[in-house]
């Protein structure tokens, strides 16, 4: 068992004086109180801006060289990591192995409580041991209270294998020391329901993960301007989005945008490059590969028709 046993002193475990009569409030009063407290998540993210930026820079540099980003967590924290990882392939057309979520208890823990498994440091170490980590990989340990043995074990194992590490927690440094290359602290304060970190802490963590993964993908050239040009066209909604992106950026009508999209193999980024440069599919593929998929960088090296 970890050395961090008594947790009542942690910010995430303390009692919030604003909600001492929580069970006596009307539904409207409940909603208003939760809304007021949730506003603190925005401030927490703002306070962590520098470390979040450091995490984006470090992770994008690693992934650009072939590394991976691996979220590790238990309970709510683990589920948030798995969710963010699962959303990267459809949003950015990234390979599933590039961003992965590891949760204590495995896939079954996504739909049923398995909080007892968070206390097993050795399970975290074993989870990392199976991944063949290198110094290009980045392990993101997610633990609201910063004391989760599963996460701490995984982080230590990752560090021992030369991987970079990022910690995301919701407690101040003076309460819990965490060994990580980038230490992100989201100080949202005591929960309205004492100790229930699926509330403010969970919300702030989800926001941080959104910023981290999206920021990394922007740096990797998965975005042009503010458009999702590496979107995976896998359903009607995303097909429509792809067509709208092409129409907005090229002024083509919908039929011509559709023809261009099909010619490119339903790859929006390649379709744009083909339209603006006159290159064919093979030439466009080669140019994008040369610039690691960065459309803007590829465009800057050739004469465009824009």
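The values are calculated or read from the model by the stated rules, or taken from the named source; none is laboratory data. All figures in this text were calculated on a predicted structure; none of them were measured in a lab. Glycine gets a Cβ as well: all are built from the backbone with ideal geometry, and neighbour counts include every protein chain shown.
At-a-glance table
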| item | result |
| --- | --- |
| Helices (runs of 4 or more DSSP H) wholly inside region 208-282 containing at least 2 residues that are surrounded by fewer than 16 Cβ atoms within 10 Å (Cβ to Cβ) | 236-250, 254-263 |
| When residues of region 109-123 are limited to those that are assigned to a helix (DSSP H, G or I) and under 13 Å from residue 75 (Cβ atoms), the one modelled with the lowest pLDDT | 115 |
| Of all residues making up region 59-95, the number that are under 13 Å from the mean Cα position of the chain (by Cα) and either part of a helix (DSSP H, G or I) or at pLDDT 95 or above (or both) | 23 |
| Unmet requirement for residue 300, which otherwise passes all of (1) without any contact (Cβ under 8 Å) to a residue 60 or more places away in the chain; (2) touching a helix residue (DSSP H, G or I) at 6+ places or on another chain (Cβ under 9 Å) | (2) |
| Filter result (more than 10 Å from residue 192 (Cα to Cα), under 29 Å from the mean Cα position of the chain (by Cα) and surrounded by 13 or more Cβ atoms within 10 Å (Cβ to Cβ)) within region 5-37 | 7, 10, 11, 12, 13 |
| Enumeration of residues in region 188-226 that are in contact with a strand residue (DSSP E or B) (Cβ under 9 Å, 6 or more places away or on another chain) and over 25 Å from residue 158 (Cα atoms) | none |
| Selected residue (only one of 194, 201, 180 is under 20 Å from the mean Cα position of the chain (by Cα) and in contact (Cβ under 8 Å) with a residue 40 or more places away in the chain) | 201 |
| Failed criterion for residue 48 (all others in (1) at pLDDT 95 or above; (2) not assigned by TED's automatic domain parsing to the domain that holds residue 209 hold) | (2) |
| Qualifying position, being touching a strand residue (DSSP E or B) at 6+ places or on another chain (Cβ under 8 Å), under 27 Å from residue 98 (Cα atoms) and buried (at least 24 other Cβ atoms within 10 Å of the Cβ), among 185, 152 | 152 |
| Among (1) touching a helix residue (DSSP H, G or I) at 6+ places or on another chain (Cβ under 6 Å); (2) outside any loop (DSSP other than H, G, I, E, B), the one test that residue 192 misses | (2) |
| Matching residues in region 15-48 - criterion: being under 30 Å from residue 92 (Cα atoms) and out of contact with any helix residue (DSSP H, G or I) (no Cβ under 9 Å at 6 or more places or on another chain) | 39, 43, 46, 47 |
| Test: residue in region 124-136 that is in contact (Cβ under 8 Å) with a residue 40 or more places away in the chain, within 23 Å of residue 200 (Cα to Cα) and under 21 Å from the mean Cα position of the chain (by Cα) | no |
| Yes/no for residue 117 being over 20 Å from residue 206 (Cα atoms) and in contact with a helix residue (DSSP H, G or I) (Cβ under 6 Å, 6 or more places away or on another chain) | no |
| Subset of region 196-207 (residues that are surrounded by 17 or more Cβ atoms within 10 Å (Cβ to Cβ) and over 20 Å from residue 141 (Cβ atoms)) | 199 |
